[in-house]
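The values are calculated or read from the model by the stated rules, or taken from the named source; none is laboratory data. Keep in mind it's a predicted model, so treat the numbers as computed, not measured. Here the Cβ positions follow ideal geometry from the backbone for every residue, glycine too, while neighbour counts run over all protein chains shown. Areas reflect the complete protein model, heavy atoms only, side chains present, ligands, DNA and RNA absent. Shrake-Rupley method; radii C 1.70, N 1.55, O 1.52, S 1.80 Å.
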Amino acid sequence: YGADGRAIEQKVIDVQAHAIGRDKGIDYGVQDFLEGSKREKFQDDFTNELTRVCGSKHVTVHSAFIRNIVIPENYLQPIREKQIAAE
């Protein structure tokens, strides 16, 4: 992988991943990230866009996985309370 690979990762992939995550994330609500099917759709949208953008910069992306979606507590609390009330 070496220094060149790390530089590509930092200058191309990381930059694009953050921008795409932010831009694509706007299209989804908090509840969408909690539901499996919509979370999977976000994963697909993210991967497809990252592959496209990096490809235009001559960088091949073989796979991309969302590892950590952070949902602020102020959004989670009402959802938890609603689920507890329903139970």
Nearest 10, in degrees from 0 to 90: the angle of helix 36-56 to the longest Cα principal axis of the chain is 20
Scalar couplings 3J(HN,Hα) for the range 4-17 by Karplus 6.51 cos²θ - 1.76 cosθ + 1.60 (θ = phi - 60°), nearest whole Hz, x for Gly and Pro, are 5, x, 5, 5, 4, 4, 6, 7, 10, 5, 4, 4, 5, 4
Simple spin-label estimate for Tyr75/Ser56, 7 Å along Cα→Cβ, in nm, reads 2.7
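With every protein chain present, what is the per residue accessible area of the chain (1.4 Å probe, Å²)?
Values: 6630 Å² over 87 residues.
Per residue, the chain has 76 Å² of solvent-accessible surface.
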Labelled set (i) 6.9; (ii) 7.5; (iii) 6.4; mean projected area of the Cα convex hull in nm² computed from this model equals the value at (i)
Straight-line reach check, Lys57, cutoff 17 Å on alpha carbons, 8 or more apart in-chain or any other chain, hits among aspartates and glutamates -> Asp4, Glu9, Asp14, Glu49
As straight-line cross-link partners of Lys82, the qualifying aspartates and glutamates (C-alpha separation under 17 Å, not fewer than 8 residues apart within one chain) are Asp32, Glu35, Glu73
If the chain between Lys11 and Ser63 were fully extended at 0.36 nm per residue, the gain over the current Cα-Cα distance would be 17.0 nm
On the formula 1/(1 + (r/R0)^6), with r taken between the Cβ atoms of Ala3 and Thr47 and R0 of 30 Å, the FRET efficiency rounded to 0.05 is 0.70
Of the accessible area of the chain, computed with a 1.4 Å probe and all protein chains kept, carbon and sulfur make up a percent value of 51
